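J.: Sharing a structure with you now.
The values are calculated or read from the model by the stated rules, or taken from the named source; none is laboratory data. Since this is a predicted model, take the numbers as computed values, not measurements. Heads up, the Cβs are rebuilt from the backbone with ideal geometry, glycines too, and the neighbour counts pull from every protein chain shown. We work out accessible area using only protein heavy atoms, side chains counted, and drop any ligands, DNA or RNA first. Shrake-Rupley method; radii C 1.70, N 1.55, O 1.52, S 1.80 Å.
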Amino acid sequence: MAKLTAERLGRLKVSYVVRRTDLSGVTGLLPGHRPSAGDIVLARVELVGQHKALEQPDGRRNTLYPGDEVLVAYGHRYAPDQFEAVVPEDLGNCHLAAAGGLAARVLTRHAAIGEPTCLEPLGLLAGPAGGVVNLRAQALAPLPEASRRPPTLAVVGTSMNAGKTTTAAALIHGLTRAGLAVGAAKVTGTGAGGDVWQMHDSGAIRALDFTDAGYPSTCGLNTGELLDVVTLLRGHLLAAGAEAIVFEVADGVLQRETSLLLNSPEFVCGLDGVLFAAGDAMGAVAGVRMLHEIGVPMLAVTGRLMASPLAAREAAAHLGLPTRSVSELADPAVATKLIAELPITAAA
């Protein structure tokens, strides 16, 4: 095991996904190990590509230069608009697959995306007992199951960049302006702080994501693990005093982990309503029909399609659901009406 001095640790560029890690317990670097998802690795930047900055724990983007030493975590990525990437089988050179601090080997990329930033892993972090430091050990502690059930809404969509986070933020803001204490969580996706900061800025009394449950990304998790993430985050939002909860589910309804959650009766039964974000009318119609078929309680259609009044009218004509723009959702009267129209058992 190679020693790691406090001085060297202090010079590292630390990423968002490893923000919960207590570096005071780090004893050295373990070379030659086969990495697993969540293992924390010290790596050297070899070549700066698509991601030219590393998101820090406080959200600031730290510009990257060749030779920089960074602290990131291994994880898979599924991002049709960016990278498809997997945890490699060794500590050979790999890539920065997400600005939030995801180390992986890129398999494919969107045609509009540049070559990934290249990393040279120098070793996995070793803890006080000599074992590999993994994000799972830094997760929030599970809380006892709460007896109360506040109104719980989810935002899902057709794909990346359909307007899910903007929708969730607007809804949080509207409910907050209506006088409710709102807890928010992004329950699936790739570790990055932007969505969580936006939830905070919109008024959430507490905003969390799956990295708080010990996962750098949710790509590759099974249904049980995904439900554990939801349960853990919900428990901490309730403990913070949430009177309403807003979940964001990343990517689109065809993405594996999103599909697993939406086809889970346990997850769906914990929701009182879903807002569907789409980029166009056809995506809205197809997505809502899929969700109706599996019994998801639909409330409204929203997302980027709302930028076009014509597209919004097309969708509304075929759905039998209202359409809601972000400005409407941010209106406390509209947000209150959404809650008031939920089944009466939801607010129990």
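J.: Debye sum, Cα scatterers, the stretch 34-106, no solvent: what log₁₀ I/I(0) at q = 0.17, 0.20, 0.22 1/Å?
T.: Taking Cα atoms of the stretch 34-106 as identical point scatterers yields -0.57, -0.80, -0.98.
J.: Further question on the same structure: With a 1.4 Å probe and every protein chain kept in, tell me what percent of the accessible surface of the stretch 119-229 is carbon plus sulfur.
T.: Accessible surface attributable to carbon and sulfur in the stretch 119-229 totals 51 percent.
J.: Oh, and also: From the phi angles alone, apply the Karplus equation (6.51, -1.76, 1.60; θ = phi - 60°) to the stretch 295-311 and give each ³J(HN,Hα) in whole Hz, x where the residue is Gly or Pro.
T.: x, 6, x, 8, 10, 6, 10, 8, x, 5, 4, 5, 5, 10, x, 5, 4
J.: Next up: Figure the gain on full extension for Asp58 and Asn222 (residue separation times 0.36 nm, minus the Cα-Cα span) and round it to one decimal in nm.
T.: Result for the pair: 56.1 nm of gain on full extension.
J.: Then there's this: Round to the nearest 0.05 the FRET efficiency obtained for His292 and Ser147 when R0 = 35 Å and r is the Cβ-Cβ distance. Numbers along the way, then the final one.
T.: On the way: r = 31 Å, r/R0 = 0.89.
Taking R0 as 35 Å, the efficiency between His292 and Ser147 is 0.65.
J.: Per residue, how much accessible area does the stretch 5-109 show when a 1.4 Å probe rolls over the protein heavy atoms, in square angstrom?
T.: 43
J.: For helix 281-293, what angle does its Cα long axis make with the longest principal axis of the chain, in degrees from 0 to 90 and rounded to 10?
T.: For helix 281-293, the angle is close to 90 degrees.
J.: Net charge near Arg8, counting Lys/Arg +1 and Asp/Glu -1 over other residues with Cβ under 13 Å of its Cβ?
T.: +1
J.: For the stretch 106-114, take each phi angle, set θ = phi - 60°, evaluate the Karplus expression 6.51 cos²θ - 1.76 cosθ + 1.60, and give the result in whole Hz per residue in order, putting x for glycine and proline.
T.: Karplus-based 3J(HN,Hα) across the stretch 106-114 equals 6, 9, 9, 8, 5, 4, 8, 9, x Hz.
J.: Using the C-alpha gyration tensor of the stretch 283-329, what are the square roots of 5 times its eigenvalues, in whole angstrom, with the largest one first?
T.: Over the Cα atoms of the stretch 283-329, the ellipsoid semi-axes are 18, 12, 8 Å.
J.: A further question follows. Helix 223-239 versus the longest principal axis of the chain: what is the Cα-based angle in degrees, 0 to 90, to the nearest 10?
T.: For helix 223-239, the angle is close to 80 degrees.
J.: What are the radius of gyration and Dmax of the stretch 1-159, computed over its Cα atoms and given in Å?
T.: Looking at the stretch 1-159, its Cα Rg and Dmax stand at 16.9, 52 Å.
J.: I need the Kirkwood Rh of the stretch 113-192: take the reciprocal of the average 1/r across all distinct C-alpha pairs and report it in angstrom.
T.: Evaluated over the stretch 113-192, this radius sits at 17.4 Å.
J.: Then there's this: Starting from 0 in steps of 10 Å, tell me what percent of the Cα-Cα pairs of the stretch 228-280 lands in each bin.
T.: Bin by bin from 0 Å, the calculated values are 20, 53, 24, 3.
J.: Normalising by the residue count of the chain, find the relative contact order in percent from Cα pairs under 8 Å and 6+ residues apart.
T.: Working: 861 pairs, mean separation 61.0, N = 348.
Relative contact order here is 18 percent.
J.: Once the convex hull of the C-alpha atoms of the stretch 143-226 is built, how many Å³ does it hold per residue, rounded to a whole number?
T.: Dividing the Cα hull volume of the stretch 143-226 by its residue count gives 116 Å³.
J.: Using a/c under 1.5 as the rounded threshold, could you call the stretch 1-78 rounded, prolate or oblate? The axes a ≥ b ≥ c are square roots of the C-alpha gyration tensor eigenvalues, and prolate needs a/b larger than b/c, oblate otherwise. Write down the numbers at each step before the final one.
T.: Working: a/c = 1.41, a/b = 1.25, b/c = 1.13.
Cα axes put the stretch 1-78 in the rounded bin.
J.: How long, wide and thick is the chain, going by the Cα atoms along their three principal axes, in whole angstroms, largest first?
T.: 62, 46, 31
J.: Let me ask something else about it. Please report how far the C-alpha centroid of the stretch 287-330 lies from that of the stretch 195-246, rounded to the nearest whole angstrom.
T.: A separation of 24 Å, based on Cα centres.
J.: Largest first and in whole Å, what are the equivalent-ellipsoid semi-axes of the stretch 217-323 based on the Cα gyration tensor, each being the root of 5 times an eigenvalue?
T.: Taking √(5λ) for each eigenvalue gives 27, 16, 12 Å, largest first.
J.: Another question about this same structure. Just add up the charged neighbours of Thr336: K/R +1, D/E -1, any other residue whose Cβ is under 15 Å from the Cβ of Thr336. Working shown, then result.
T.: Values: positive: Arg177, Arg324, Lys337; negative: Glu243, Asp272, Glu328, Asp331, Glu341.
Local net charge: -2.
J.: Now a separate question. Name the residues whose placed amide hydrogens come within less than 5 Å of the amide hydrogen of Ala53, ignoring near sequence neighbours (fewer than 5 apart) on the same chain.
T.: So Ala53 has HN proximity to Leu64.
J.: Find the lysine pairs in the chain meeting two conditions, Cα atoms under 23 Å apart and a separation of 8 or more places or different chains, and report how many there are. Walk me through the intermediate numbers first.
T.: Values: Lys3/Lys13; Lys13/Lys52; Lys164/Lys186; Lys164/Lys337.
Close lysine pairs under the 23 Å cut-off: 4.
J.: Residues of the stretch 205-348: accessible area per residue at 1.4 Å, in Å²?
T.: That works out to 40 Å² per residue.
J.: Still on this structure, please answer the following. Taking K and R as +1 and D and E as -1, what net charge do the other residues with C-beta under 10 Å from the C-beta of Ala250 add up to? Write out the running numbers ahead of the final one.
T.: Numbers: positive: Lys164, Lys186; negative: Asp195, Asp209, Glu248, Asp251, Glu257.
So the environment of Ala250 carries a net charge of -3.
J.: Using 0.36 nm per residue, how much length does the chain from Leu254 to Glu89 gain when fully extended, once their Cα-Cα distance is taken away?
T.: Result: 56.7 nm gained on full extension.
J.: Still on this structure, I have one more. Once each part is reduced to its C-alpha centroid, what is the distance from the stretch 142-185 to the stretch 62-105 in angstrom?
T.: 29
J.: Evaluate Rg over Rh across the stretch 141-299, taking Cα atoms for both radii and Kirkwood's formula for Rh. Intermediate values should be presented prior to the final figure.
T.: On the way: Rg = 14.3 Å, Rh = 15.4 Å.
Value, to two decimals: 0.93.
J.: Can I ask one more? Give a residue-ordered list of calculated ³J(HN,Hα) values for the stretch 209-216 (Karplus: 6.51 cos²θ - 1.76 cosθ + 1.60, θ = phi - 60°; whole Hz; x for Gly, Pro).
T.: These are the phi-based 3J(HN,Hα) values: 8, 4, 5, 5, 9, x, 10, x Hz.
J.: Could you give the angle, 0 to 90 degrees to the nearest 10, between helix 164-177's Cα long axis and the longest principal axis of the Cα atoms of the chain?
T.: 60
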